[in-house]
Amino acid sequence: MRKRRPPTQLIVSEESKAALKAHLDSEEGQRSLDEFARIIAEWAAKSMPAELLQALGTRENLDTLKELWPDIVDAFFKAHSSLASRR
């Protein structure tokens, strides 16, 4: 059985948090965040069954999509971190 390392814990300084917030509040930061969200949404769309994607794409289900967004982002990172660990 393969031993797993404990998860890495990242500690972000207050200065780094302030710099990140300032960047995200800028126009460039918002463009970067929008681009990252687009990448995740495209990945999710390719990964979801077509019926689910069609249901979530309706205006009536926008609240459901917003509610599921944190889980979609989590799945994106899990999928990509497992790919990186296999390399």
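Structure notes:
- Rounded, prolate or oblate (a/c below 1.5 giving rounded, otherwise prolate when a/b exceeds b/c) for segment 1-51 by Cα gyration tensor: oblate
- Each Lys and Arg Cβ is given +1 and each Asp and Glu Cβ -1; about its Cα centre, segment 48-87 then shows a dipole of about 360 debye.
- Spin-label proximity, A79 to segment 34-53 - amide N less than 17 Å from point 7 Å beyond Cα toward beta carbon: 36-53
- Size of electric dipole in the chain: Cβ of Lys, Arg +1 and of Asp, Glu -1, about Cα centre, debye, nearest 20: 900 debye
- For segment 47-60, putting each phi into the Karplus relation 6.51 cos²θ - 1.76 cosθ + 1.60 with θ = phi - 60° gives couplings of 8, 7, x, 4, 5, 5, 4, 5, 5, 6, x, 7, 4, 5 Hz, in residue order, rounded to whole numbers and with x for Gly and Pro.
- From its DSSP helices (H runs of at least four residues, each -39,500 (n - 2.57)), the chain gives a residue-normalised ellipticity at 222 nm of -25000 deg cm²/dmol.
- Cα gyration tensor shape of the chain, rounded if a/c is under 1.5, else prolate or oblate by comparing a/b with b/c: oblate
- Highest-first arrangement of 28-37, 67-76, where packing means the average Cβ count within 10 Å: 67-76, 28-37
- Rounded if a/c under 1.5, otherwise prolate or oblate - segment 48-87, Cα gyration tensor axes: oblate
Each reported figure results from applying straightforward, stated rules to the coordinates on display, with no laboratory input. Computed from a predicted model, the values in this text were never measured in an experiment. So basically every Cβ, Gly included, is an ideal-geometry build from the backbone, and we count neighbours across all protein chains shown.
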